[in-house]
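Q: Quick one: structure below, then a few questions.
The values are calculated or read from the model by the stated rules, or taken from the named source; none is laboratory data. Being a predicted model, the structure only gives us computed values, none of them experimental. Note that we place each Cβ from the backbone using ideal geometry, even for glycine, and neighbour counts take in every protein chain shown. Ligands, DNA and RNA are excluded from the accessible area calculation, which covers all protein heavy atoms including side chains. Shrake-Rupley method; radii C 1.70, N 1.55, O 1.52, S 1.80 Å.
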Amino acid sequence: MIQDVKEPSWGETATARLERVSSPAGPDLVLWLHRGLSLAAVMGLVVATRAYWQAHVLARPGLALLITGCYLAMLVFAVITLCAGQRRTLARLDIGVLVTAITIKSVAAWSGVTGLKKLTVDEGMLMDAAARGLADGRNPYTATWKGIEPSLPTQLMDGRTVFDFGYPPLGIEIGAVVQKIFPNLVGIVLVAWLALLATVLFIFFVAPRPLRPLATLGVLGLGTFTAYADNAYPSVIALPFLCLALWSWPSIGRDGRLGRFGLGRAAALGAACSIHQLGWFLALFLVVGLVMLRLPTLRLRGTFLLLLRYGGTALAVFALSSLPFAIKTPHAWLTGVFEPLLQHAVPHGQGLAGITHYIVGGSGGLDFYGRATQLLLAALLVTFALFLRRIGPAIAVLPWVIFMVSTRSQDGYWLLTMPLWLVALVTTSRADFADAYQLRLPSSVRARAAVTAALFLPAAACFVIAVATPQPLTFRVQTPVVAGETLNALTVDVTNRSSAPVTPHFSVVTGVTIADFWKIQTGPETLPAGATATYTLAPSKKDKAVKIPPVEPAFLRVVSDEPQTLSSTRLTK
């Protein structure tokens, strides 16, 4: 006799369905969720895969055929995932999906690693030039590469463009070694791709088996990191070291000894900090977190000694990688390492500073964005210490929140750290922070909320001042600017409404980025407070004109340094 099978009703809630499928008569819930994650990882394999096939099918058909084999594997994996009834089957399948993802990304990396596809951003160009220069025996901190023409160069508020190397040296040291071994390849791009693959392998094997598909999907499947690896971003090279530093970090020094476990993570943190400055922010939160975790058992002296060994190991790795440059050219090395934090780059990015840049159009108080960033960092560190028991796992996200209020607030600053989110998810839990030292706070929920809000008020106040301060310059454009036509000169009357002199640097912008400053042919270098002057401007390169978009607006953006200001006017209706 055939039993009646209850069909799901249209009005059945998601909760009711979940209870039904996870009942003893239905499939195991963990197995069901594991199948869902595995299926998502398989589906993620298709992201940009057709583009890789098209890039190689005529010139390198063997690589295209490899992609075709990966397509076949996807279909087979989908069938197995939907039909799998055992966890062991899914565990083996997840390894197959990971291998397929690595194969696809290896094909994607081919053009960049072999030099067939050129670097397209200034970060990668500078990393490549510095690594090649170091391989040839040149000091990267005393060289400049003005010959590069990146599509998105970093312009500074004082009118200069960044053509020098501004990162810690370990990334290019590794790149120089690889370049020596494989002189016909682009060594720094190969290093970036190997770092990305090392990251996904690390997260995959430290994760519990049901969560392993998250590594494949999050690091390789979404396609987010492909362009970053192709352009040799230093933060990509730092990723595997950051992941190792964050792996199960609450257990570091639990018995009062650093041990091999803690020593390895401290060294990894030092290596990450020796490649990119993003590691510096994570280091602050790790130190604060370890202090609060160890105080209850080790007391003040024991905690201090533990952190001395932990921090000392990280600093030793940093010092060792920088030692040749710090001894030979200390000023150039120090300037280069701290350059991204001190260089006063023009506003750019998807953060809240975009209110000033893209909506309001200007501000005479851009310096307050920098102050807001510093105060927000301090507030987040204090909040992390106060509420570690609740928000400890969020260490993988909190350090990057500060970039939301900085003038340079590109999404890449936190997007590139997303693999750390996975490390925190699969290797830590709130239970790891249950015994953390708890500072005495008011018992009332409202009082605690008030204390927390008070921590962020200074940063919020600086942010409001930055947004609310009016732009110092106003404009009357004399040259007709017509949409769809070219512009090779611009005459504009500029009035300084502020109470301080302004040294303006002009740029005609047809996109979201201030990419090139125009030359001042006539007009004063510095415009006094309350003064008006006529400026005649021309593109920075001879015989170069700017094509005004037929539909999108064009703007005149004017920046100044000391104080940092931004003023804008729309050139087309």
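Q: Return only the number of the condition from (1) over 17 Å from P470 (Cα atoms); (2) in contact (Cβ under 8 Å) with a residue 60 or more places away in the chain; (3) open to solvent by 40 Å² or more (accessible area, probe 1.4 Å) that T510 does not satisfy.
A: (2)
Q: Same structure, new question: From (1) assigned to a helix (DSSP H, G or I); (2) free of Cβ contacts under 8 Å to residues at least 24 places away in the same chain; (3) of a type outside the set (K, R); (4) over 14 Å from L217 (Cβ atoms), pick out the condition that doesn't hold for G36.
A: Status for G36: all satisfied but (4).
Q: May I ask you to list pairs of residues, at least six apart or on different chains, whose Cβ atoms are under 6 Å apart, with the first in the stretch 230-249 being in a helix (DSSP H, G or I) and the second being among the hydroxyl-bearing types (S, T, Y)?
A: Taking only residues 6 or more apart or on different chains, the pairs are P234/Y167; V236/Y228; L239/T199; P240/T199; C243/T199.
Q: What about Y167, is it part of a loop (DSSP other than H, G, I, E, B) and under 23 Å from P419 (Cα atoms)?
A: Yes, satisfied.
Q: For the structure I just gave you, tell me whether M157 is open to solvent by less than 20 Å² (accessible area, probe 1.4 Å), aliphatic (A, V, I, L, M), within 20 Å of L341 (Cβ to Cβ) and touching a His at 6+ places or on another chain (Cβ under 6 Å).
A: Values: open to solvent by less than 20 Å² (accessible area, probe 1.4 Å): yes; aliphatic (A, V, I, L, M): yes; within 20 Å of L341 (Cβ to Cβ): yes; touching a His at 6+ places or on another chain (Cβ under 6 Å): yes.
Spelling it out, M157 is indeed open to solvent by less than 20 Å² (accessible area, probe 1.4 Å), aliphatic (A, V, I, L, M), within 20 Å of L341 (Cβ to Cβ) and touching a His at 6+ places or on another chain (Cβ under 6 Å).
Q: Kindly indicate whether V551 is touching a helix residue (DSSP H, G or I) at 6+ places or on another chain (Cβ under 8 Å), open to solvent by 70 Å² or more (accessible area, probe 1.4 Å) and assigned to a loop (DSSP other than H, G, I, E, B).
A: Values: touching a helix residue (DSSP H, G or I) at 6+ places or on another chain (Cβ under 8 Å): no; open to solvent by 70 Å² or more (accessible area, probe 1.4 Å): yes; assigned to a loop (DSSP other than H, G, I, E, B): yes.
So V551 fails the test.
Q: So how many residues does the stretch 178-194 have that are touching a residue at least 12 places away in the same chain (Cβ under 8 Å) and open to solvent by less than 90 Å² (accessible area, probe 1.4 Å)?
A: 11
Q: Is it the case that V482 is farther than 13 Å from G362 by Cα and open to solvent by less than 50 Å² (accessible area, probe 1.4 Å)?
A: Values: farther than 13 Å from G362 by Cα: yes; open to solvent by less than 50 Å² (accessible area, probe 1.4 Å): no.
No; evaluated as a whole, the condition is false for this residue.
Q: Follow-up. When you scan the stretch 242-266, how many residues do you find that are surrounded by fewer than 20 Cβ atoms within 10 Å (Cβ to Cβ) and closer than 29 Å to L334 by Cβ? Walk me through how you get there before you give the answer.
A: Taking the stretch 242-266 first, the residues surrounded by fewer than 20 Cβ atoms within 10 Å (Cβ to Cβ) are 248, 251, 254-257, 259-261, 263-264.
Of the ones still in play, those that are also closer than 29 Å to L334 by Cβ are 263-264.
The number of residues fulfilling the criteria is 2.
Q: Looking only at the stretch 218-241, decide whether some residue is at pLDDT 95 or above, open to solvent by less than 10 Å² (accessible area, probe 1.4 Å) and over 15 Å from the mean Cα position of the chain (by Cα).
A: yes
Q: Out of the residues in the stretch 367-403 that are more than 29 Å from Q438 (Cα to Cα) and not charged (D, E, K, R), which is most open to solvent (accessible area, probe 1.4 Å)?
A: Of everything passing the filter in the stretch 367-403, F368 is most open to solvent (accessible area, probe 1.4 Å).
Q: Can you name every residue in the stretch 337-351 that is open to solvent by 30 Å² or more (accessible area, probe 1.4 Å) and either closer than 15 Å to R557 by Cα or touching a strand residue (DSSP E or B) at 6+ places or on another chain (Cβ under 7 Å) (or both)?
A: Q343, H344, Q350, listed by residue number.
Q: Kindly indicate whether any position in the stretch 83-90 is surrounded by 14 or more Cβ atoms within 10 Å (Cβ to Cβ), modelled with pLDDT of 95 or more and within 33 Å of the chain's Cα centre (by Cα). Please lay out each step first, then the result.
A: Going residue by residue through the stretch 83-90, those that are surrounded by 14 or more Cβ atoms within 10 Å (Cβ to Cβ) are 84, 87, 89-90.
When the remaining residues are screened for being modelled with pLDDT of 95 or more, the result is 89-90.
When the remaining residues are screened for being within 33 Å of the chain's Cα centre (by Cα), the result is 90.
Within the stretch 83-90 (the criterion being surrounded by 14 or more Cβ atoms within 10 Å (Cβ to Cβ), modelled with pLDDT of 95 or more and within 33 Å of the chain's Cα centre (by Cα)), the answer is yes, since at least one residue qualifies.
Q: So, in the stretch 281-306, exactly how many residues are among the aliphatic types (A, V, I, L, M) and closer than 25 Å to V401 by Cα? Give the steps one after another, and end with the answer.
A: Looking only at the stretch 281-306, we keep the residues that are among the aliphatic types (A, V, I, L, M), and these are 282-284, 286-288, 290-293, 295, 298, 300, 305-306.
Within this subset, residues satisfying the condition of being closer than 25 Å to V401 by Cα are 282-284, 286-288, 290-293.
Number satisfying all stated conditions: 10.
Q: Now for a separate question. Take the stretch 203-217 and flag every residue that is touching a residue at least 24 places away in the same chain (Cβ under 8 Å) and open to solvent by 20 Å² or more (accessible area, probe 1.4 Å). Reasoning before the result, please.
A: Taking the stretch 203-217 and keeping what is touching a residue at least 24 places away in the same chain (Cβ under 8 Å), we get 203-204, 206-217.
Result: V206, P208, R209, P210, L211, R212, L214, L217.
Q: Give the residue that is least open to solvent (accessible area, probe 1.4 Å), with candidates limited to residues of the stretch 523-544 that are closer than 17 Å to G364 by Cβ and part of a loop (DSSP other than H, G, I, E, B).
A: A531
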